[in-house]
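Report on the following structure.
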Amino acid sequence: MINIILAEDHHIVRLGLRHILMQEPEFQIVGEASNGQQVIDLLESNVNADVLLTDISMPQISGLELADIVNTRFPQINTLLLTMQEEEEYMFKAFRLGVKSYMLKSTDADELIFAIKQVARKRRYLCSSVADRLIKRLVLDNMPVSLPSPNIDFSVREIEVLQLIAEGYTNEEIAEKLFTSRRTVEGYRQSLINKTGTRNTATLIRFVMRHRIIE
């Protein structure tokens with residue numbers, strides 16, 4: 001069971017979020033708050049929570065200030081920000097303050113549920129619309145003239161996995177698309193990193209884009 005504190009100052013929005021979350025059997029809402037101070041009060045009363053779902057724009061204590069406090073004083077709790085703020089400066093600051101996930105309120109319910117499950121496992125998650133925009137700006141828009149394709153022997157399945165990684169799919173989603181297991185996909189991902197001599201998924205994608213290994 002994933003225990004969630006739901007913090008949102010707009011009552012109707014909070015009701016809508018509660019309705020969405022309560023459809024998921026794994027989720028349990030253990031506290032609700034309409035401002036940042038109420039969240040602190042809940043945590044100080046020893047409410048057992050795994051995830052704090054909150055907005056940036058909150059009365060008394062903002063979502064970013066709240067994330068900093070929670071990360072410092074209650075490190076066992078993982079914070080997910082659900083916000084209208086699309087500016088990258090907010091996102092970067094949020095992750096620096098220990099936020100595990102940054103989601104836009106325009107995201108759909110399925111992705112929000114997926115993000116909460118990732119956050120509960122202490123994994124970072126950035127909503128797909130923002131991630132897609134960042135990839136285009138950081139990789140595609142600033143891509144230099146393509147370099148000669150390196151002499152690396154990729155299998156057909158590795159190229160399929162590589163293409164799906166570049167499109168932003170998670171290991172679980174790739175496994176579903178290719179009718180295989182998540183562990184197998186993780187193995188392909190690590191093999192691709194090893195073959196290209198890159199450090200992580202981000203540098204892997206930059207490498208294959210620059211060398212035009214995939215389009």
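Quick notes on this one:
- Note on the stretch 159-215: residues that are within 26 Å of Glu111 (Cα to Cα) and either in a helix (DSSP H, G or I) or of a type outside the set (Asp, Glu) (or both) total 38.
- Residues of the stretch 66-76 classified as within 15 Å of Tyr102 (Cα to Cα) and in contact with a helix residue (DSSP H, G or I) (Cβ under 7 Å, 6 or more places away or on another chain), total: 2
- Only a single criterion out of (1) more than 11 Å from the chain's Cα centre (by Cα); (2) under 23 Å from Gln190 (Cα atoms); (3) modelled with pLDDT under 90 is not satisfied by Ser146, namely (2).
- Wholly within the stretch 1-89, helices (runs of 4 or more DSSP H) carrying at least 3 residues that are in the same structural domain as Thr107 (by TED's automatic domain parsing) and in contact (Cβ under 8 Å) with a residue 60 or more places away in the chain: 11-21
The values are calculated or read from the model by the stated rules, or taken from the named source; none is laboratory data. Keep in mind the model is a prediction, meaning the values are calculated, not measured. Glycine gets a Cβ as well: all are built from the backbone with ideal geometry, and neighbour counts include every protein chain shown.
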